[in-house]
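What follows is a short report on a single structure.
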Amino acid sequence: MKVCPGFWSWLENNNQTEKVLSIDYIRDELSKGNDEFTDWAEDNKGFFLSCDDIDTQTRYAEVAAYASTLNMNAGALDEFLGIADSWLIAKALTLEDAVIVTHEKKDPNIKRKILIPNVCEHFGQKYINTFELLESCEAKFILAA
């Protein structure tokens, strides 16, 4: 946050127009820490959508069912279902034109971790990385003199 504070301001500004959103499970993960990300999550509770709705719950069951069919190493399924990634995909599947932002890259051969892009591709859910998001939104971070 100290390296590029403009990025965090940009997130907040774009959240106000509902271009950039996240989910409550990510807020919960951020809140487990004791750092500036924890404080930011607390100060920006409106940034995080709830996953309590029936549509998200239904899609989560579909994501979990699909993930359980994958031939992964022991523990990979439990890890995936125990973190926000599975819920993020489920929520995105309920939103029109939602795009997930992740730094993970598709890798159909990986067995130790269920990757967001691998699951997104199965469901036809669009995903991009942070730099693609910033470019598509024409974000500019200009250094002050």
* Could you tell me which residue of the range 1-34 is nearest to SER86 (Cα to Cα), considering only residues that are part of a helix (DSSP H, G or I) and among the hydroxyl-bearing types (Ser, Thr, Tyr)? => TYR25
* Structure fact -> Listed by first then second residue, the pairs whose first member lies in the range 40-69 and is at pLDDT below 95, whose partner is part of a loop (DSSP other than H, G, I, E, B), with beta carbons under 7 Å and at least 6 positions apart or on separate chains, are TRP40/MET1; PHE47/LEU21
* Asked: Pick from the range 117-145 the residues that are assigned to a loop (DSSP other than H, G, I, E, B) and small (Gly, Ala, Ser): which of them is farthest from ASP55 (Cα to Cα)?
  -> ALA145
* Structure fact -> Checked PHE141, PHE80 against criteria (aromatic (Phe, Trp, Tyr) and within 18 Å of TRP10 (Cβ to Cβ)); the one match is PHE141
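The values are calculated or read from the model by the stated rules, or taken from the named source; none is laboratory data. Bear in mind that the values here come from a model prediction, so they are computed numbers and not experimental data. Note that each Cβ is placed from the backbone with ideal geometry, even for glycine, and that neighbours are counted across all protein chains shown.
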